Amino acid sequence: MITSIIKEKSGTHCQSAILSMVVALYLITINKNPTKRNEDKMARKTDEERLQELEKKIEQAKAKKLQIERRMKEKERKERTRRLIQVRAIFEYIMWFAFR
């Protein structure tokens, strides 16, 4: 690619073409690999911020645990209610035949 530009251009145009290609390649490499200066600009979390994030995750886990426990209790309650209704139905059926 560079050789085709060099063949087309002559003199100062050739030098400016090469310079522009070098600048373009430099900019591409900067975008792929951030320099040390860019890494230093990125904010790092303090210990307090890390602790707050962990506490937040713990609270979320507790809330999820409570939600699952409530769902399990509700399921058990519905199963118990269903069993009680079935037992009562059987009892009423037996009593109907007994006092007929």
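The values are calculated or read from the model by the stated rules, or taken from the named source; none is laboratory data. This structure is a prediction, so every number in the text was calculated from the model and none was measured.
The table below gives the values:
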{"read-out": "Members of segment 27-56 that are in a helix (DSSP H, G or I) and modelled with pLDDT of 75 or more", "value": "28, 47, 48, 49, 50, 51, 52, 53, 54, 55, 56"}
{"read-out": "Test: residue in segment 69-81 that is under 39 Å from the mean Cα position of the chain (by Cα) and either at pLDDT below 95 or not charged (D, E, K, R) (or both)", "value": "yes"}
